[in-house]
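We did not get these values from a lab; they are worked out from the coordinates using the rules stated. Just so you know, these numbers come straight off a predicted model, no measurement behind them. Positions of Cβ are generated from backbone atoms using ideal geometry, with glycine treated the same way; all protein chains shown enter the neighbour counts.
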Amino acid sequence: MTYDAILLTSFGGPESPDEVMPYLERVTAGRGVPRERLEEVSHHYLALGGVSPINEQNRALLAAMRSHFPSRGIDIPIYWGNRNSEPYFADVLKQMYEDGHRNVLAWVTSAYSSYSGCRQYRENLAVALIETGLEGKLNIDKVRHYFDHPGFITPIADDLATQISAMYDQGLAAGDISIMFATHSIPTAMGVSSGPEARREEFAELAGEGGAYAAQHLAAASETMKKVAEKIGAELPDWSLVYQSRSGSPSVPWLEPDVNDAINAAADAGTKGVIIVPIGFVSDHVEVIWDLDNEAKETAEERDLKFARVVTSGVAPEFVDGIADLILERQAGAEKKALSKLGPWVDACAVGCCPNLRKELPVIAEAV
């Protein structure tokens, strides 16, 4: 396929205190989320001035893509659209069409398989095409999942190696430190149904009820640790996958353990330091800043643990170059790069992959 434009596709977020509640109401529309829960989450945004960092981070990423891509031979326009805030998908798609574009490649700020992180974006884009009268006139394809792409993993591994070395310099040994790779929790039913149906038995063996979603995270964490081992060349701390940002009815099972529970359990076991790696996210949006830099850090400090939080890929040069790799796979048939045995992931999602179970299972999230 020859594409004539790229769409940086993201979740969106409020950019003033007045936008916070309307934004949360849009995100949770029709899902029966209690008003008290929305008010609780609104305080996280208001504590940051009522502005989500995600939009400014996307502006920075957009600028980095526009600056770097020509050097990789990608000379087509790049647009940016959000699911839940301006610039909305419908408005951006109309602009792209008016600008003469007909075949668009969407890159999404989510590296993993889940309804929220993949299928819902495709559904939202399809709805936007219908709403704008562009169905059949504008084609939109989505870039594959990139959880184990070296461009995504490398900046994370580099900083994790730095944080481990810093704790070693403070007198801690490998056995004193717990590394926790953190991602957004989802209902276990969504975990089980994530990924293509034909591979669900494989994913269950790898990650139990977490399905493809957890299996991909475990693969990303494992590859990150391999890169760290190459850098440090010494004994490394044990690591685990933990979850954060749960919302919804307590009666509905979600993927566990919660990061705060895991920190407390590590402290009970004699851990002296904890390093959190937000492997599930590509940038430092509210759920990273609030749930990890505030709540998880506070839990660690209450247990007298040394605490460090590793960077997200953000606008690291390796990540931006990795996005270019993903574009060139589809635009020019370039070689697919993947570090784990699960990848490279397929370009097109299978029928029945990551079905929508969210009518009874609400989630409040910027990106999953």
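If a residue must be part of a loop (DSSP other than H, G, I, E, B), touching a Pro at 6+ places or on another chain (Cβ under 9 Å) and of a type in the set (A, V, I, L, M, F, W, C), how many such residues does region 11-63 contain? Here the count works out to 1. Residues of region 109-123 that are in contact with a strand residue (DSSP E or B) (Cβ under 7 Å, 6 or more places away or on another chain) and in a loop (DSSP other than H, G, I, E, B): THR109 alone. Taking into account only those residues within region 273-319 that are among the small types (Gly, Ala, Ser) and part of a loop (DSSP other than H, G, I, E, B), which is nearest to the chain's Cα centre (by Cα)? Among residues in region 273-319 that are among the small types (Gly, Ala, Ser) and part of a loop (DSSP other than H, G, I, E, B), the one nearest to the chain's Cα centre (by Cα) is GLY280.
Being closer than 30 Å to ALA348 by Cα and either of a type in the set (Asp, Glu) or surrounded by fewer than 17 Cβ atoms within 10 Å (Cβ to Cβ) (or both) narrows it down to one residue among GLU256, GLU235; which is it? None of the other options fit; the residue is GLU256. Taking the listed residues ALA204, ALA214, the one that is small (Gly, Ala, Ser) and in contact with a strand residue (DSSP E or B) (Cβ under 8 Å, 6 or more places away or on another chain) is ALA214, with no other qualifying.
Residues considered: ALA221, ALA267, ALA296, ALA229. Of these, the only one that is in contact with a Leu (Cβ under 7 Å, 6 or more places away or on another chain) and buried (at least 19 other Cβ atoms within 10 Å of the Cβ) is ALA221.
Candidates are the residues of region 124-148 that are more than 18 Å from the chain's Cα centre (by Cα) and among the acidic types (Asp, Glu); the one that is surrounded by the fewest Cβ atoms within 10 Å (Cβ to Cβ) is GLU135.
Being touching a residue at least 40 places away in the same chain (Cβ under 8 Å), part of a helix (DSSP H, G or I) and under 22 Å from the mean Cα position of the chain (by Cα) is the requirement here; does GLY195 meet it? In short, no. So which residues in region 198-213 are within 20 Å of LEU339 (Cβ to Cβ), under 21 Å from the mean Cα position of the chain (by Cα) and surrounded by fewer than 24 Cβ atoms within 10 Å (Cβ to Cβ)? Result: LEU206, ALA207.
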